[in-house]
Amino acid sequence: MSQHKEHPPEHAEHKGHHILPVLTGAKVWIALLIFTAITVAAARFDMGNVNFTVAMAIATIKAFLVVLFFMGMKYDTNENRIIFFSSFIFLFIFIFLTYSDVLFRELVMK
Amino acid sequence: MSETRTEGVRHFAHHFKSAFHEFDACKVGMWLFLLQEVLFFAPLFVGYAVYRALYPEAWHEASHLLDWKLGALNTVVLICSSFTMAMGVHAAQTGRKNKIVLNLGLTILLACCFLVVKYFEYSHKVHVGLLPAGMFTYEGLQHAKSPLFFSLYFMMTGLHGLHVLIGIAVLGWIWSRARRGDFGPDYYTPVELTGLYWHFVDLVWIYLFPLLYLVG
C-alpha cells in the first residue's frame, strides 16, 4: 500500500549543460567584427533617417548573435528566455509611450 | 588546504536535488539580475530618444564632436573580450585549467584596454570643456541644447564604464579562483555567470556605439 515515489531519472537533469563549440564561437566573433565594419561603413553615407534604421538594425543583429550564442540563449531553458526577453518588452513600452507622447504632444495641445 | 573531490560528484547545497539543479537555479538568478540591468539602463535610452526627437539639430552638431574611430576601436576591443570570455567558459566546461586562466586574463586585459581608450576620450573632453550640464564650457557649438548631448553621453558611457570596472573586479576574482583550480566540468557556475554579465556589458556597448558615435 505504501507507494514509494521514485526520484525522476538523474540523467534527465544533465541535458542543460550545453558547450558552445569553439568553431561556432569563432564564427560569431568574426560575424560581429564584420557587422561592426558594415555599420561604420554605412554611417559614412548620408541617407537621412535611413541611417538610424540601418544602424539600429545592425546593432540588433549583433545583439542577437551575442545573446543567442555567447550567452547561450539558443540552448537555454524557456524560463530564462521569457525572463530576459520580457525586459525588452518593458523597455519597448517605456520608449514607445514616452516617445509617442513627445511626438504628438503639439498636435493635442493645439 | 586540500579538497578531495570525487570525479563527477560535487557537493551542492542540501536544498537542491543535484549539482545541475543548483547550477540551473543560479543561472535563473543571473538572468533575473540581467533583466533588472536592462531596466536600469532603460531610462537613459528613453532620455536619449526624447531629446534626440526634440532637438535633432543639436544632436547632429554635438555628435560630430565624438571621434567615431575611438568608438569603433572600443567596439572591436569589447567584441574580442566577449569572445575570449566565451572561450574561457568553454575551457572551464572542458576542464582545461590553463586555458581558463589564459582566456580570463585576456578578457581582463581587453577590458583594461577599453578603459584606457575611454580615458583618452574623457580627458580630451574635460580639456576642451565638453562636460555635462553646468560644467559645459565649450564655445564652438551653435545650438543652445547641444550640451544636453554631452550630459547623456557622460551618463550613458559613464554607467557603462562603471559596469566595465565592476566586470574587471569580478573577472579578477574569478581569474584568481581559476588559478587555484576551483573550476572544471563539474563546477563552473561562477565562470558561466560572470560570462553572462560580461556579454551583457558588450550588449549595451553594441547599442551605445551607433547611438552616440554614428547616427548624428
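The values are calculated or read from the model by the stated rules, or taken from the named source; none is laboratory data. Only a predicted model underlies this, so the values are computations on that prediction, with no experimental measurement involved. Every residue, glycine among them, receives a Cβ derived from its backbone with ideal geometry; neighbour counts consider all protein chains shown.
So here's what we get for this one:
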{"read-out": "Identity of the residue in the range A:47-65, more than 9 Å from chain B (Cβ to nearest Cβ) and either among the acidic types (D, E) or over 21 Å from B:D202 (Cα atoms) (or both), that ends up nearest to the chain's Cα centre (by Cα)", "value": "A:V50"}
{"read-out": "Matching option when the condition is buried (at least 19 other Cβ atoms within 10 Å of the Cβ), on the phi < 0 side of the Ramachandran plot, in contact with an Asp or Glu (Cβ under 6 Å, 6 or more places away or on another chain) and part of a helix (DSSP H, G or I), among B:V101, B:V164, B:V89", "value": "B:V89"}
{"read-out": "Flag for A:L68 being in a helix (DSSP H, G or I), over 16 Å from B:L211 (Cβ atoms), facing chain B (nearest Cβ under 7 Å) and not β-branched (V, I, T)", "value": "no"}
{"read-out": "Only one of A:I83, A:I38 that is at pLDDT 90 or above and either part of a loop (DSSP other than H, G, I, E, B) or more than 9 Å from chain B (Cβ to nearest Cβ) (or both)", "value": "A:I38"}
{"read-out": "Tabulated pairs, the range B:17-34, first over 10 Å from A:I83 (Cβ atoms), second in a helix (DSSP H, G or I), C-beta under 6 angstrom, 6+ apart or interchain", "value": "B:S18/A:E13; B:F20/A:E13; B:F20/A:H14; B:F23/B:T189; B:C26/B:T189"}
{"read-out": "Subset of the range A:14-35 (residues that are assigned to a helix (DSSP H, G or I) and either more than 8 Å from every other protein chain (Cβ to nearest Cβ) or at pLDDT below 90 (or both))", "value": "A:H14, A:L23, A:T24, A:K27, A:I30, A:A31, A:I34, A:F35"}
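For (1) surrounded by fewer than 16 Cβ atoms within 10 Å (Cβ to Cβ); (2) over 24 Å from the mean Cα position of the chain (by Cα); (3) more than 17 Å from B:F41 (Cα to Cα), each residue gets a yes or a no:
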| site | (1), (2), (3) |
| --- | --- |
| B:G140 | yes, yes, yes |
| B:A144 | yes, yes, yes |
| B:L152 | no, no, no |
| B:M156 | no, no, no |
| B:H160 | no, no, no |
| B:G181 | yes, yes, yes |
| B:Y188 | no, no, yes |
| B:L212 | no, no, no |
